[in-house]
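K.L.:
The structure under discussion is supplied below as structure tokens; questions concerning it will follow.
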Amino acid sequence: MQNVVCARDALGANMKDKRHLDELALKWSVVATNDVIQSGVFNNLQPHPNLKQLTIESYPGITFPDWIGDPLFSNLVSVYLHWCGNFSSLPMFGQLPSLKHLSILGMIGVEKVGSEFYGDASSAITSKPSFPFLQTLRFECMDNWEKWLCCGCEFRRLQELYLIRCPKLTGKLPEELSSLKKLEIDRCERLLVASLQVPAIRELKMLDFGELQLKRPASGFTALQTSHIEISNVSQWKQLPLEPHKLMITDPDAIESLLEEGILQTHTSPMQDLEIWSCCFSRSLHKVCLPTTLKSLKICDSDNLGFLLPKLFRCHHPSLEDLHIVSGQNDLSLSSSFSLSFSLAIFPRLIHFGIDALNGLESLCISISEEEPTSLRSLEIFRCDDLEFIEFPALDSACYRIVECSKLKWLGHTLSSLQRLSLEDCPQLLFHKDGLPSNLRQLEICECNQLSPQVDWGLQRLASLTEFKIGGGCQDVESFPEELLLPSTITTLEIEHFPSLKSLDSRGLQQLTSLRKLSIRHCPQLQFIPQEGFQHFPFLLELEMEDCPKLQSLKEAGLPSLASLKQLYIRGLPELQSLIDVGLQHLTSLEKLFISDCPKLQSLTRERLPDSLSFLDIQDCPLLEQRCQFEEGQEWDYIAHIPQIFICDEVL
């Protein structure tokens, strides 16, 4: 809007008569402009009363037009007033009859909110409430706001109230908020919260604010027992009459005593979710007392967890289903080494277990007795730079994923029943004499420098293996897969980031008679696919070739024999010039064809593509795109029957 320099031009836009306009956003640059001119422009942009949503951003003036807040805008539902910092007072929004959502952000010139905000409702001679239907109210980044004067007849239907970064606000909140379900107060250091009547409150977040001084009993919070509290001062949380189902704590000074003294176990209502954020442990805990009703426990961005975890893993957690531990970033040099060893018997209902960046952890041993129940379905270990040894239990349906563990050397072996295993970026990992779990169905190995695929891995003996992905770290592999490397049960094979791979081995490929999906990606030296390469895959449904810059031809790869193929992806083959000899017209089951980033590719076909093809997408292939132009391209007649065609992001 800062580029409009004449108020008459704004008037010519005729906004008043645009009766079908639902949403209007007026935004000015932060660059200084002439306030007088912009005031005239703004005044002349009055929209039609049918407007439903209005956004005003970075307006540089010192007064709002008269139409802002006019009750004639009876359909206005949402108003967003952001970064208009030259104003000392807010517009009169209180009398907008349909307003449900109001967001006020960055009004740094406002010091007081009172009658000018509510309108006629603040008068003693009227009983008409202000904001009769308002449901959501947000004040944020109000740097100089000090007082909130409430008249007592407003916000009767307010459900959500947010006060964020209002550092000077000292006044009290509206006392009667009978419909309020969510209250969030964050970085309002001087705010006093007292005598609130919020019987419907379900979610409460109070971080870095002044004081909580509730009258006893704090009856205004009767619905909080099924809610969520996030609070940075535990002593203030204790004033609440009931314990919530979900509690988030960010109080580093009280966390140790809170866990040791059993304060979280004192209430009778069942706490189900607990999150501990940004806490630093300074000593070893004597014990850890948590509610036995907990279903989810998250310890995030916290330091020196070696003082906490050994005790935590000696407690029984009968209801816990989700456990996630993330170390902080400040204890890299302070952490002492430690090990964790425990039985899943203490977590009989645990489904998801995750560890991320847990500094100092050197070994992890998880066991389970045959007679003990367990529910574990996924275990994820990320970025544990000190971890050298892991031992897992044998669980039929669990999925284990280990990522970016730079010192990991050995996986212990009670793994015989494990079905899904993913290993990524573990450069020192080696397979020892125990080999791999015999019941594996899915195996992914990426960026593990010591693991080059070889017959002595014993993959051929994995009679249940159906999905295998291998990539990165295979520095010396020039041909893949070698004979007798992979079992015939494999249905999905993904090969990627083989820096030295020059050819596919036909003897290894011809054993994959069950293959449904083959993906070859990011193999910069790949030049040759044997003539019989794809002829041994009678059930292949999906084929993907991507970023193989030296691959010049698919002529003799056996593609025409893939009568079952439904999806074909060809990407990043810069030397590929033609697909004519491939015989795409013989792929009578093909449904989707994707071709991209093949700058030399000129010809697609000399015959009509199969009737089964329902989707064609060609991107970043300028020569081919020209030949497939609508009605004019040389190959248009061969593709015109395809229902969906995308050429360079355009629908034909």
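K.L.:
Whole number please: convex hull volume per residue, Cα atoms of the range 503-652, in Å³.
P.N.:
Values: hull volume 12.9 nm³, N = 150.
Looking at the range 503-652, the number lands at 86 Å³ per residue.
K.L.:
Please work out the average accessible area per residue across the chain, using the 1.4 Å probe convention, and give it in Å².
P.N.:
Working: 28850 Å² over 652 residues.
Normalised by residue count, the accessible surface of the chain is 44 Å².
K.L.:
Please report, in Å, the Rg and the Dmax of the range 440-570, where both are computed over Cα atoms only.
P.N.:
Gyration radius and largest Cα-Cα distance of the range 440-570: 13.5, 39 Å.
K.L.:
Which FRET efficiency value, to the nearest 0.05, do you get for residue 603 and residue 26 by plugging their Cβ-Cβ distance into 1/(1 + (r/R0)^6) with R0 = 51 Å? It would help to have the intermediate numbers written out before the result.
P.N.:
Values: r = 53 Å, r/R0 = 1.03.
That gives a FRET efficiency of 0.45.
K.L.:
A follow-up question, please. How would 341, 178 line up by accessible area, probe 1.4 Å, largest first? Don't jump to the answer; show the numbers that get you there.
P.N.:
Details: 341 95, 178 70 Å².
Largest accessible area first, the list is 341, 178.
K.L.:
Near residue 407, within a Cβ-to-Cβ distance under 9 Å, what is the net charge of the other residues, with Lys and Arg +1 and Asp and Glu -1?
P.N.:
Taking every Cβ under 9 Å from that of residue 407, the sum is -3.
K.L.:
For the range 494-652, give me the percentage of DSSP beta bridges that are antiparallel, rounded to the nearest 5 percent.
P.N.:
On the way: 2 of 31 bridges.
About 5 percent, rounded to the nearest 5.
K.L.:
Give the long-range amide H neighbours of residue 418: residues separated by 5 or more places, or on another chain, with amide H under 5 Å away, using H modelled in the peptide plane at 1.01 Å from N.
P.N.:
Residues meeting the amide H criterion: 395, 439.
K.L.:
Heads up, I need the accessible area for residue 307: 1.4 angstrom probe, whole protein in place, Å², nearest 10.
P.N.:
Looks like 60 Å² after rounding.
K.L.:
Enter the accessible area of residue 611 (Å², nearest 10), with the probe set to 1.4 Å and all protein chains included.
P.N.:
Only protein atoms counted, so the area is about 120 Å².
K.L.:
Quick one: which of 112/168; 181/246; 182/295; 18/100 span more than 20 angstrom between C-alpha atoms?
P.N.:
Pairs exceeding the cut-off: 182/295; 18/100.
K.L.:
Mind sorting out which of [x] 30.5; [y] 35.2; [z] 25.9 is the real Kirkwood radius over Cα pairs in Å computed from the coordinates?
P.N.:
[x]
K.L.:
Then there is this: Using a 1.4 angstrom probe on the protein heavy atoms only, line up 289, 405 by accessible area, largest first.
P.N.:
Sorted descending by solvent-accessible area, the residues read 289, 405.
K.L.:
Additional query: State the percentage of accessible surface on the range 546-611 attributable to carbon and sulfur atoms; use a 1.4 Å probe and exclude ligands, DNA and RNA.
P.N.:
Carbon-and-sulfur percentage of accessible area, whole number: 39.
K.L.:
If I ignore ligands, DNA and RNA and count only protein heavy atoms, how much of residue 133 is accessible to a 1.4 Å probe, in Å² to the nearest 10?
P.N.:
Answer for residue 133: close to 90 Å² accessible.
K.L.:
With a cut-off of 8 Å between alpha carbons and a minimum separation of six or more residues, what is the relative contact order of the chain in percent? Working shown, then result.
P.N.:
Working: 1835 pairs, mean separation 24.4, N = 652.
Computed value for the chain: 4 percent relative contact order.
K.L.:
What net charge do the residues around residue 338 carry, taking every other residue with its C-beta under 11 Å from that of residue 338, with Lys and Arg at +1 and Asp and Glu at -1?
P.N.:
Neighbourhood net charge equals -2.
K.L.:
5 Å is the cut-off here: which amide hydrogens, built 1.01 Å from N in the peptide plane, fall below it relative to residue 588, excluding neighbours closer than 5 in sequence?
P.N.:
For residue 588, no residues qualify.
K.L.:
Which far-off residues, 5 or more places away or on another chain, put their amide H under 5 Å from the one on residue 520, with H placed in the peptide plane?
P.N.:
HN-HN under 5 Å from residue 520: 495, 544, 545, 546.
K.L.:
List, in order, the whole-Hz ³J(HN,Hα) value for each residue of the range 247-254 obtained from phi through the Karplus relation with A = 6.51, B = -1.76, C = 1.60 and θ = phi - 60°; use x for Gly and Pro.
P.N.:
Here the 3J(HN,Hα) series is 10, 10, 10, 10, 10, x, 7, 10 Hz.
K.L.:
Could you go through the range 81-92 in sequence order and give the Karplus-derived ³J(HN,Hα) for each residue, using 6.51 cos²θ - 1.76 cosθ + 1.60 with θ = phi - 60°, rounded to whole Hz, and x for Gly and Pro?
P.N.:
Listing the rounded values in order: 10, 10, 6, 9, x, 8, 8, 9, 8, 8, x, 7 Hz.
K.L.:
Another question, then. Going from most exposed to least, what order do 77, 198 have by accessible area with a 1.4 Å probe?
P.N.:
Correct descending sequence by accessible area is 77, 198.
K.L.:
Among 498, 528, 484, flag the residue with its Cα farthest along the positive direction of the charge dipole of the range 450-572, charges on Cβ as +1 for Lys/Arg and -1 for Asp/Glu.
P.N.:
528
K.L.:
What is the sum of charges, Lys and Arg at +1 and Asp and Glu at -1, for the other residues whose Cβ falls under 14 Å from the Cβ of residue 48?
P.N.:
Computed value for this residue: 0.
K.L.:
Another one. Cross-link partners among lysines for residue 409, C-alpha distance below 30 Å, same-chain residues fewer than 8 apart left out?
P.N.:
298, 311, 433, 469, 502
K.L.:
From the convex hull of the Cα coordinates of the range 356-409, what is the mean projected area in square nanometres?
P.N.:
3.8
K.L.:
Oh, and also: As an exercise, use a Förster radius of 60 Å and the Cβ-Cβ distance of residue 278 and residue 637 to find the FRET efficiency, rounded to the nearest 0.05.
P.N.:
Computed FRET efficiency for residue 278 and residue 637: 0.40.
K.L.:
Specify the inter-centroid distance of the range 272-293 and the range 369-391, based on alpha-carbon positions, in whole Å.
P.N.:
The range 272-293 and the range 369-391 have Cα centres separated by 21 Å.
K.L.:
Once phi is turned into θ = phi - 60°, what whole-Hz ³J(HN,Hα) does the Karplus curve with 6.51, -1.76 and 1.60 give for every residue of the range 460-475, x standing for Gly and Pro?
P.N.:
Computed from phi, the couplings for the range 460-475 are 4, 7, 7, 5, 9, 5, 10, 10, 9, 10, 9, x, x, x, 8, 5 Hz.
K.L.:
Relative to the present Cα-Cα distance, how much length would full extension add between residue 525 and residue 13 at 0.36 nm per residue of separation? Display every interim value, and only then the final one.
P.N.:
On the way: separation 512, 0.36 × 512 = 184.32 nm, distance 6.05 nm.
Extra length available between residue 525 and residue 13 comes to 178.3 nm.
The values are calculated or read from the model by the stated rules, or taken from the named source; none is laboratory data. Small disclaimer: the values here were computed from a predicted structure and weren't measured. A quick note on method: Cβ atoms are made from the backbone with ideal geometry, for glycine too, and the neighbour counts reach across all protein chains shown. For the accessible areas, the whole protein counts, side chains as well, though only heavy atoms, and no ligand, DNA or RNA atoms are used. Shrake-Rupley method; radii C 1.70, N 1.55, O 1.52, S 1.80 Å.
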